[in-house]
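The values are calculated or read from the model by the stated rules, or taken from the named source; none is laboratory data. Predicted, not measured: the structure shown is a model, and the values here were computed from it. Positions of Cβ are generated from backbone atoms using ideal geometry, with glycine treated the same way; all protein chains shown enter the neighbour counts. Ligands, DNA and RNA are stripped out before the accessible areas are found, and what is left, the full protein with its side chains, is counted by its heavy atoms. Shrake-Rupley method; radii C 1.70, N 1.55, O 1.52, S 1.80 Å.
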Amino acid sequence: MTLLRTVLIVSPYFPPSNLACVHRARHLANHLPAAGWTPVVLCVDDRFYEQEPDPLLGSLVSPGLEIVKVPALQARMTRRLGVGDLSLRAWSALSSRAAELLSTRRIDAVLITGSPFYPMLMSRWIEPKFGVPVVLDFQDPWVSAWGGDQKRLSKAGLSHQLALRLEGPALRRARFVTSVSARQNEELAARHSWLDASRMAALPIGGDPGDLDLLRAMPGTRPSRLDPAMINLSYVGTALPRSQELFRILLKGLATVRARQPQLAARLRLHFIGSSNQANGSDTFSIRPLAEAEGVADLVVETPQRLAYAEALQLMAESQGLLLVGSDEAHYTASKIYPALLTRRPYLSLFHRQSSAHALLTAAGGGIHFSFADASGLAGLPRDIAAGFERLALDPASLGQARQDLLEPFSARAIAGRYGAIFDGLH
C-alpha cells in the first residue's frame, strides 16, 4: 500500500470563520486526499476570531480532518497598540507550533496561504531548518495598487510599506508560489526579477458543488431578505475601494433604465449584500451614496454587514439575477463568481477585459458580460448596461445557463489535484 504524504496547511482563519480567505484551505483540506496528500491544518482557535462563527460552513469540513489550533492575543488588548491582524496576534503560537509539528511529525510539504500574509515569513526558516519545502499561496496581492495609493503615514500606507519590505524575504525561501491569476504572478515577478516562472502557477479558489448542500441544510423558516413582488438582482460580497467606479457605472445604467422604462425600473431592486465585509458593519454604506448621487437610491438596498456563507448562497439562489463585479485592476478574479455560477442564476458581469474572471464568464455563458480596458471604456457603458438590466429582468431565459463542463477545471476537486501535482514535484 502506498502511504499518503502529508502537507501542513497554515491558514490562520479556518471554518467556522466565514471570511472569504478560508475557502482555499477548506477546499484543499477536503480534496487533497484524493490527490495522494493528507492535509493537516494549522490555524488559530476560533475563540480568538473577531467575527461571528458560521457553524454551517464548519459542517462542510471533512470530519476526519486533523486541525491543530493555537491561541492568540485578544484583539481588545492589541488594538490599543494599533494591531488587529490575527496572524500577528498569534505569531508566536503559530510559529512555535509549526516548528513542533515539523520536528515531531513526518511533514512532506508546507502550504502557507494568505491573507493574512505575515505567516508567509515562516518560509525563511522552515526549509533551511527542517528540510521541508514551502509553497506560498497569494489569494490576494500582499503588495497592491490600492495600498500604493494610500497616504504614506496612514495605517494602510504603513502596512503597504511593510509589505514591500517583507514580500521579497518571504518569497526567497519558497520552493513554489501560487496566486489566483496569471496577472498577479506577473506582477510578483516584475517586483522580484529572480522569481522563476516555472515555479509559479495561477490557481483560482474555485467552487465546490457540494456547497449547495448547505441550502438543503438551512432552516426552512429563515425569512428571505428579498421582496417577492420585485425583480431582485443581487451583488453579494465586498464593495472594494477599487470597484467604486464600476458600481457607479452600474447605477448610471440603472438610472438610464428609469429614464426610458420607468414602470420596469419601479419593479427592480438591486441588492448589495455584505458590502462592508464586516459582520457588524451595519452602518458602513459605500453603495448608498453612489445611488443617491445617480438618483436611484429608492431602487437600491444595501446591507453592509457580511452574511454567513450559507445565507449568502441562499440569497443568490433566490435572486432573479446576479451582479458580478470586479475592480479596475486586471488581476482581480473575484472568487465569488464560482459559487454564483453553481447556483445557475442568470447574471450581469462587469470586469476588466484582462481579468481571468471575464474570460471564464464569456466562455461559460449564462449571462451578460461587460468589460473595459481603461476609464474611457468604462464611461461608455451605461446605456449598454441599461439594456443588460432590461434583458435580465424581462427575458432571463434567453441567457441560458453557464456551461458546467467549463467550470469543472475550476472545481475544488480539480484545483486540489493541481496542488497535489505541485507538491509531488517538490520531491
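Residues T38, T284 ordered from highest to lowest accessible area at a 1.4 Å probe: T284, T38. Relative to the longest principal axis of the Cα atoms of the chain, the long axis of helix 22-31 makes an angle of roughly 70 degrees. Relative to a virtual label point 7 Å from the Cα of H427 in the Cα→beta-carbon direction, which members of segment 113-132 show backbone nitrogen distances below 18 Å? Under cut-off, by backbone N: 127-128, 130-132. Taking only protein heavy atoms and a 1.4 Å probe, the accessible area of segment 169-306 is 49% carbon and sulfur. Please give the helix 182-191 orientation as an angle from the longest Cα principal axis of the chain, in degrees from 0 to 90, rounded to the nearest 10. Helix 182-191 sits at roughly 60 degrees to that axis. Enter the Cα centre distance for the pair segment 363-427 and segment 337-355, rounded to the nearest angstrom. Segment 363-427 and segment 337-355 have Cα centres separated by 4 Å.
For the chain, take the longest principal axis of its alpha carbons; what is the angle in degrees between that and the long axis of helix 309-318, to the nearest 10 within 0 to 90? Around 30 degrees separate the two axes.
The overall shape of segment 82-123, judged from the alpha-carbon gyration tensor, is oblate: a/c is not under 1.5, and a/b is no greater than b/c. For segment 30-134, the carbon plus sulfur part of the accessible surface works out to 52%, probe radius 1.4 Å. Estimated translational diffusion coefficient (Stokes-Einstein, Kirkwood radius over Cα pairs, 37 °C, 0.692 mPa s) of segment 1-72: 263 µm² per second. Placing +1 on the Cβ of every Lys and Arg and -1 on the Cβ of every Asp and Glu, with no other charges, gives the chain a dipole of roughly 680 debye about its Cα centre. Listed values for segment 337-352 are Karplus-derived 3J(HN,Hα) couplings in whole Hz (6.51 cos²θ - 1.76 cosθ + 1.60, θ = phi - 60°), namely 5, 6, x, 4, 5, 5, 6, 6, 8, x, 8, 10, 10, 9, 9, 4, and x replaces Gly and Pro. Within the listed set A72, A197, A330, the Gaussian network model of the chain (springs between alpha-carbon atoms below 10 Å) gives the highest mean-square fluctuation for A197. Highest GNM mean-square fluctuation among A265, A416, A293, for the chain modelled with Cα contacts below 10 Å: A293. As a ratio to 2.2 N^0.38 Å, the alpha-carbon radius of gyration computed for segment 29-114 takes the value 1.23. Here segment 297-380 yields Rg over Rh of 0.98, to two decimals, using C-alpha coordinates and the Kirkwood radius. The largest-to-smallest principal axis extents of the Cα set in the chain are 69, 51, 43 Å. Across the chain, the relative contact order, built from alpha-carbon pairs under 8 Å that are at least six residues apart, equals 14 percent. The phi-based Karplus calculation (6.51 cos²θ - 1.76 cosθ + 1.60; θ = phi - 60°) puts the 3J(HN,Hα) values of segment 63-73 at x, x, 5, 8, 10, 9, 10, 10, x, 9, 5 Hz, whole numbers, x for Gly and Pro. Around the amide H of V236, modelled in the peptide plane, lie the amide H atoms of I273, L323, all under 5 Å away and 5 or more residues distant in sequence or on another chain. Per residue, the accessible area of the chain comes to 42 Å², computed with a 1.4 Å probe over protein heavy atoms only.
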